Amino acid sequence: MNNSEVRERIEKLRREIEDHNRRYYILNQPVISDFEYDLLINELATLEKKYPEFASDDSPTRRVGSDLTREFRQYEHKYPMLSLGNTYSFEELDDFDQRTRKLTGEPVEYVCELKFDGASISITYNKGVITRALTRGDGTRGDDVIDNVRTIKDIPEKVSNPSVPDEFIMRGEILMPRDVFKSLNEQREKEGLNLFANPRNAASGTLKTLDPAVVASRKLVCMFYFLLGEYLPYDTHYGNLMKAAEWGFTVADSIRVCKNIEEVKEYIDFWEHKRDSLPYDTDGVVIKVNSIAQQQELGFTAKSPRWAIAYKYKAEQALTRLNSVSFQVGRTGNVTPVANLEPVFLAGTTVKRASLHNADQIFLLDLHLHDMVYVEKGGEIIPKIVGVELSSREEKSEPVKFIETCPECGTPLVRNEGEANHFCPNYLHCPPQIKGRIEHFIGRKAMNIEGLGEETIDLLFSRGLIRNIADLYDLNAEQLVPLERMGEKSAGNIIRSIRDSVNVPYHRVLFALGIRHVGETVAKTLASRFPSIDDLMSSKEEDLTMVREIGPKIAASIVNYFSDNENIDIIRRLREAGVRLSGEAGKEKTTGNSLEGKTIVISGVFSRHSRDEYKEIIENNGGKNSSSISGNTSFILAGDNMGPSKREKAAELGIPLVSEEEFLKIIGED
Ligand code: IVH
């Protein structure tokens, strides 16, 4: 390659990687595997190393992993957001105490707080009004998620107490209560969406959602643990927090002042089990020096304050008997071993089952039937087996064996080279896989067929009424009414919703088919390059890989899907039912080119469409959506609760605000 070719390649790689970052972190719809992504990064890093003249600070190879996204405006933290040193033992806690007393040369008083497990937030107030809400980001800069934070009920928008300083920062942890987490996941399961692994992931995922209405519906709370600023009301951390509580910030009742390290240990012992009964997850205790003067004397290391430390509770374990191992076939054909245990009480709940992940895990544990096993609740929902008590192993006990055939359909299982999971290759006829595909097909982002939950699909399947997605279009209300918990009205609604689904645009039908590796975005790309399903069906792998974003894996999967006669038959029947199998992606809703040449920023909460739908509408009408306001912005589509920072910026640049109603008139929807 000559120099200009190298530069072109580097720029192309950067653009591609940025695009994949956006798909992964923001849209949550990656189109390539992690491995393929790493190949791109490696190629870029190698070129940048070999040709340092083309290196650049904002290359994706140089930016560290952080929660920063490009959808939010970023700002510098006035005070960096550091982490805390961790300890798991009382000896290390004694060392910490000795250090602080030695460095200050005085007795030290501590404040103990529970360490809440959520997403940290740093909120700035100016003249008592919230102006910024930054995530931790990379510790130096954070994403401003203020529009989302405004929807959290116990975060004050305004503090009108006369004692508040002109500017101050409140830091705290945004949490999702355990019961909210549980019902959110139940709801997501019904809708066929991915589950959140734990309340912490759910809270931080929610905080980065681009639709404040979604955040508002998730019932997040915030526990404040830090008041920062130049002029603080008290010279102790405790005093300041109590003052903040008076101003209206939620400060946990569990906070205590301890006269010495022995009292700190009592606090830790007290909460070790009691924390299970709290409505939120906690993973330890934070111990802070109370006096601000002593805090300043102690200062910081590069990464954390010397005046605070986190004592982490060890994950609780229980010892119980392994009764048997069963194997579950998931909706994608993956086979997961599950341990059935003698019920045992662990960290607030009774545990009867534990995940064993895969065959390697069983092998590593050297698990035998009827072993006594240690179970632990980690960050995940399902407890796991972490060890075997060999001293209680029965003589001649049998090692647990991984099954060789699918427990649902009897097909020999397959394990691909280099992969940990076994799966059932009987894609077309294995019952959970069929049901999984039907659930995907009816999903909100696919055919959006309402009223048919997982249970009804199970029933329809077990009665032999549906065997594939095309069968849905042959159903009638008389067949549904006799099903359990089904009335005439709901049966009628389901049939109507099925009929209505024939109007779903072609690109969503492509997504709904459930072709492996064809997610929403790939489906859109395919629909715009292959305007009818017949074009797609007749294309070869090399035609497909010509399309940007379609790699060999996706191409092979598409060709494989259409090479199966049963799939061809399903397509034929969908066509007969009137399902849309042609039309360019996104063109269905075009009502003209009324937004041609316009760059539009969306801000606030809307009632007629979601933010994502507005983005699509803008594109469908020839406009361009942008996330930040600049001189190029034509107008702002302004919903309710538009952030003041955006409002100010718009006023500063003289950019007009257009209401939802006005906007719908422009595009001719009203
Ligand atoms: S104080 C400089 N107090 O734990 C001290 N942090 O690594 C800053 N956390 O990400 C933290 N509960 O989000 C503090 N009561 C508490 C906390 C707490 C949870 C989180 C915090 C930070 C991490 C510390």
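Taking the stated definitions as given, is L428 of a type in the set (A, V, I, L, M, F, W, C), assigned to a loop (DSSP other than H, G, I, E, B), modelled with pLDDT under 90 and under 16 Å from R331 (Cα atoms)?
So L428 passes the test.
The residues in the stretch 294-318 that are over 30 Å from G387 (Cβ atoms), touching a strand residue (DSSP E or B) at 6+ places or on another chain (Cβ under 7 Å) and away from the ligand (no atom under 11 Å from the Cβ) can be counted, and the count is 1. One residue stands out in the stretch 120-133 among those that are within 12 Å of I174 (Cα to Cα) and of a type in the set (A, V, I, L, M, F, W, C): the one that is nearest to the ligand (Cβ to nearest atom), namely I121. Close Cβ contacts (under 8 Å, 6 or more residues apart or on different chains) running from residues in the stretch 89-107 that are touching a residue at least 12 places away in the same chain (Cβ under 8 Å) to residues that are small (G, A, S) and in a helix (DSSP H, G or I) are absent.
Pull up the stretch 275-293, narrow it to residues that are within 16 Å of the ligand (Cβ to nearest atom) and closer than 23 Å to K182 by Cβ, then point me to the one that is surrounded by the most Cβ atoms within 10 Å (Cβ to Cβ).
Only one residue tops the list, namely G284.
Just to be sure I understand, how many residues within the stretch 300-313 are at pLDDT below 90, within 25 Å of T140 (Cα to Cα) and of a type in the set (S, T, Y)? Adding up the residues that qualify gives 2.
Counting the residues of the stretch 176-213 that are surrounded by fewer than 16 Cβ atoms within 10 Å (Cβ to Cβ), free of Cβ contacts under 8 Å to residues at least 60 places away in the same chain and more than 13 Å from the chain's Cα centre (by Cα) gives 4.
For the stretch 102-119, the candidate set comprises residues that are in a strand (DSSP E or B) and near the ligand (Cβ under 8 Å from one of its atoms); within that set, the residue that is nearest to L134 (Cα to Cα) is A119. Against the definition (within 16 Å of the ligand (Cβ to nearest atom), of a type in the set (A, V, I, L, M, F, W, C) and modelled with pLDDT of 95 or more), how does L207 come out, yes or no? The answer is no for L207.
Reported count of residues in the stretch 133-152, each being among the charged types (D, E, K, R), within 18 Å of the chain's Cα centre (by Cα) and assigned to a loop (DSSP other than H, G, I, E, B), is 1.
When restricted to residues that are of a type in the set (V, I, T) and within 16 Å of the ligand (Cβ to nearest atom), the stretch 140-152 contains 4.
Look at the stretch 646-664: where a residue is part of a strand (DSSP E or B) and a partner is β-branched (V, I, T), sitting 6+ places away or on another chain with Cβ atoms under 9 Å, you get L657/I636; V658/I600; V658/I636; V658/I666. The single condition among (1) within 16 Å of the ligand (Cβ to nearest atom); (2) at pLDDT 90 or above; (3) closer than 22 Å to S645 by Cα that G137 does not meet is (2).
Quick check on my filter: what residues within the stretch 314-335 are part of a strand (DSSP E or B) and modelled with pLDDT under 90? Answer for the stretch 314-335, where residues must be part of a strand (DSSP E or B) and modelled with pLDDT under 90: Q317, N334. Of the numbered criteria (1) more than 14 Å from the ligand (Cβ to nearest atom); (2) surrounded by 17 or more Cβ atoms within 10 Å (Cβ to Cβ); (3) of a type in the set (F, W, Y), the one Y231 fails is (2). Residues in the stretch 73-101 that are more than 16 Å from the ligand (Cβ to nearest atom), within 30 Å of K208 (Cβ to Cβ) and surrounded by 15 or more Cβ atoms within 10 Å (Cβ to Cβ): R73, Q74, Y75. With respect to the conditions (1) under 23 Å from D564 (Cβ atoms); (2) in a helix (DSSP H, G or I), K489 falls short on a single one, namely (1).
Which of the following residues is at pLDDT 90 or above and part of a loop (DSSP other than H, G, I, E, B): E380, E342, E408?
Details: E380 fails: at pLDDT 90 or above; E342 fails: part of a loop (DSSP other than H, G, I, E, B).
From the options E380, E342, E408, the qualifying one is E408.
On the given criteria, is I155 closer than 30 Å to V264 by Cβ, within 16 Å of the ligand (Cβ to nearest atom) and in a strand (DSSP E or B)? For I155, the condition - closer than 30 Å to V264 by Cβ, within 16 Å of the ligand (Cβ to nearest atom) and in a strand (DSSP E or B) - is not met. Among residues of the stretch 307-324 that are within 16 Å of E92 (Cβ to Cβ) and among the β-branched types (V, I, T), none has a beta-carbon under 6 Å from a residue that is at pLDDT below 95 and crowded, with 23+ Cβ neighbours inside 10 Å at least six positions away or on a different chain.
The values are calculated or read from the model by the stated rules, or taken from the named source; none is laboratory data. None of these values were measured; they are calculated from a predicted model. Using ideal geometry, Cβ is built from the backbone for each residue, glycine included, and neighbour counts are taken over all protein chains shown.
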